[in-house]
Amino acid sequence: MRLVFEMSAWAVFAAVVGILSVWPPYEMLERGDAIVTLTFIHAAQRVGECRSLTQEELNKLPPNMRKPSDCPRERHPVRIELRSADSVLYEGLLLPSGIWSDGKANVYRRVVVPAGVHDFFIGMNDSGAPSGFNFEANQRVDLEPGRNLVIRFDEQSQGFLIR
C-alpha cells in the first residue's frame with residue numbers, strides 16, 4: 001500500500017512539473033517585433049596630446065622613469081546615438097573604465113522594435129567634440145519578426161558592422 005501511495009505521489013509531482021514546463025507559454029517578444037542589439041567596447045581618444053620632455057625635465061626624473069614623451073592617461077567619454085528613421089532608439093554617454101578613466105567604454109543595449117523595413121543610423125563621437133560624430137553608419141534593414149539585428153564597432157576596420 002505504501003509503495004502505491006509513493007508511486008502515485010511521484011506521478012502527480014512529475015505531471016505538475018511537466019504541465020508547468022509548457023504552460024503558460026512564454027514568448028520573449030510580441031508577435032511582429034524584432035530586437036536590435038548594440039554592443040561594443042571602444043577606447044576613446046586621449047584627453048590631451050603627448051608632449052616631448054626637454055633634457056632638463058628628463059634629468060630631474062629618476063633613471064627608470066625617463067621617457068622621451070609625457071602622455072595623459074585620461075580618455076574622453078564616448079557619445080553614441082542609434083536612430084531608426086526619426087526616432088532615437090538609444091542615446092548615451094559612455095564613461096571610460098578604470099581608476100584614472102583610461103580604459104575602454106562598453107555598451108550592451110537591446111531595443112525592441114516593430115518588424116519591417118528600418119533605416120538605421122548609428123553615430124559615435126570619441127574625440128570629446130561637442131557635436132558631430134567621428135564614426136557613422138547608415139543601413140536599410142528589413143527586419144523579420146523575431147529576428148535579432150546586432151550592431152557592433154569593429155576596431156580593425158574602424159567602422160560599424162550591422163548584421
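Nothing in this text is a laboratory measurement; each read-out follows from the coordinates by a stated rule. Source: prediction; values computed, not measured. Using ideal geometry, Cβ is built from the backbone for each residue, glycine included, and neighbour counts are taken over all protein chains shown.
Strictly greater than 28 Å: what percent of every Cα pair in the chain meets that?
Considering the chain, 50 percent of its Cα-Cα pairs are separated by more than 28 Å.
What nm value, rounded to one decimal, do you get for the distance between Glu27 and Leu95 when each label is placed 7 Å out toward the C-beta?
Taking the two extended label points, one gets 4.0 nm.
Run the paramagnetic zone check for Arg109: 7 angstrom along Cα to Cβ, then residues of region 76-91 with backbone nitrogen under 16 Å.
Residues passing the 16 Å test: 77-91.
At 0.36 nm per residue, minus the direct Cα-Cα distance, what do Arg51 and Arg163 gain on full extension? Give it in nm, one decimal, please.
Length gained between Arg51 and Arg163: 36.2 nm.
Using alpha carbons only, how many degrees (0 to 90, rounded to 10) separate the axis of helix 2-22 from the longest principal axis of the chain?
That helix lies at roughly 50 degrees to the long axis.
How large is Rg over Rh for region 82-128, taking Rg from the Cα atoms and Rh as the Kirkwood inverse mean of 1/r across Cα pairs?
Ratio value, two decimals: 1.08.
Evaluated at 4 °C with a viscosity of 1.567 mPa s, what Stokes-Einstein diffusion coefficient in µm²/s does region 107-158 have when Rh comes from the Kirkwood expression over alpha-carbon pairs?
It diffuses with D of about 100 µm²/s by this estimate.
Can you tell me how region 1-94 classifies by the Cα gyration tensor, rounded, prolate or oblate, using a/c under 1.5 as the rounded cut?
Oblate, because a/c is 1.5 or more while a/b does not exceed b/c.
Give the peptides 86-92, 141-147 in descending order of average Cβ contacts within 10 Å, highest first.
Highest-to-lowest ranking by the protection proxy: 141-147, 86-92.
Quick one: which of 21-33, 41-53, 113-125 comes out on top by average Cβ neighbours within 10 Å, and what's the full order, highest first?
Going by the mean number of other Cβ atoms within 10 Å, highest first, we get 113-125, 41-53, 21-33.
Starting from a Cα-only point model with no solvent, please compute log10 I(q)/I(0) by Debye for region 1-54 at q = 0.18, 0.29 1/Å.
Evaluating at q = 0.18, 0.29 Å⁻¹ gives log10 I(q)/I(0) of -0.85, -1.10.
Divide by every residue of the chain the summed helix terms, -39500 (n - 2.57) for each DSSP H run of at least 4, and state the resulting mean residue ellipticity at 222 nm, rounded to the nearest 500 deg cm²/dmol.
Helix contribution divided over all residues of the chain: -5500 deg cm²/dmol.
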